[in-house]
Amino acid sequence: MHDVMKQSMKQSMKQYYAQRAPHYDRIYQKPERQQDLQSVSAWLRHALQDKHVLELACGTGYWTAALASVAASMLATDINPEMLEIAKTKLGNHAQVDWALLDAFDLAHATALSGKDMNACFAGFLWSHIKREEQQAFLSQLRAVLGAGTMLVLIDNLYVEGQSTPIARTDLQNNTYQIRVQEDGSRVEIVKNFPTDSFLRKKLASFARDIRIERNQYFWMLSCVLK
């Protein structure tokens with residue numbers, strides 16, 4: 001039953017982002033977030049400069065575009081072909097970027113990774129969608145596939161009262177959920193967690209070293225090295 005529910009939630013998330021793809025970049029156009037977005041972009045470019053980067057859940061390629069000119073190479077991936085098509089259109093045939101349809105939770109079977117020599121992994125706004133009880137498995141597969149010494153970089157949302165979508169409910173594992181409204185008026189419940197620094201450090205301690213966390217008003221940023 002748990003596996004069935006897990007697959008159902010995963011499929012719901014996939015469908016949610018497939019439908020949202022044409023309108024997704026609106027989140028990057030909010031005037032009040034521009035200064036923080038510039039700060040995150042500068043932080044990322046510094047952290048991943050000259051790295052061979054696996055990008056998970058690249059979405060419409062907003063962060064791919066920000067990193068492409070400073071990374072040594074990038075493999076930008078997403079589970080949704082709708083998102084990838086938008087990202088490809090945005091960047092064109094960039095010499096530093098390859099693309100692949102990839103499930104971030106099934107890296108062990110990803111043929112797209114074959115022969116790739118990557119020393120960094122970046123995921124923007126993915127961690128908040130991973131249930132707390134599934135985060136350890138996610139980190140385990142990253143370490144198994146990418147190996148010790150790989151840099152892991154995460155960025156995600158902070159909850160801002162009055163601006164973030166309200167929390168609809170909290171489950172027994174303390175995962176929080178939001179109700180998102182699609183363009184067609186349909187309502188979708190999604191996992192959206194907002195971890196504290198201490199929670200992130202405890203969760204990553206068994207898998208990584210050199211954990212560094214920064215926050216601004218709207219976003220948190222984390223870098224570490226898998227061990």
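The values are calculated or read from the model by the stated rules, or taken from the named source; none is laboratory data. Predicted model only: the values in this text are computed from it and were never measured. Reconstructed Cβ throughout: ideal geometry from the backbone, glycine too, with neighbour counts over all protein chains shown. To get the accessible areas, we keep the full protein, side chains included, count just its heavy atoms, and leave off ligands, DNA and RNA. Shrake-Rupley method; radii C 1.70, N 1.55, O 1.52, S 1.80 Å.
Of note:
- The distance between label points at S69 and Q141 comes to 3.4 nm (points 7 Å beyond Cα on the Cα→Cβ vector).
- Per-residue ellipticity at 222 nm, computed for the chain from helices alone with -39500 (n - 2.57) per DSSP H run of at least four residues, works out to -9500 deg cm²/dmol.
- Spatially near lysine pairs across the chain, Cα under 17 Å, sequence gap of 8 or more or different chains: 14
- In this structure R26 has an accessible area near 130 Å², from a 1.4 Å probe over the protein heavy atoms.
- Using the 1.4 Å probe convention, the accessible area of region 1-145 works out to 49 Å² per residue with neighbouring protein chains retained.
- Largest to smallest accessible area among H23, H46 [probe 1.4 Å]: H46, H23
- The computed percent of Cα pairs over 30 Å apart for the structure shown corresponds, within [x] 41; [y] 19; [z] 25, to [y].
- Based on the convex hull around the alpha carbon atoms, region 168-227 presents an average projected area of 5.8 nm².
- About the centre of its Cα atoms, the chain shows a dipole size close to 420 debye [charges on the beta carbon of Lys, Arg (+1) and Asp, Glu (-1) only; nearest 20 debye].
- The packing ranking, built from the mean of other Cβ atoms within 10 Å per residue, places the peptides 53-62, 214-223 in the order 53-62, 214-223, highest first.
- In a fully extended conformation the segment linking N93 and R212 would gain 39.5 nm over its present Cα-Cα distance, using 0.36 nm per residue.
- Surface share of carbon and sulfur [accessible, 1.4 angstrom probe, percent] for the chain: 48 percent
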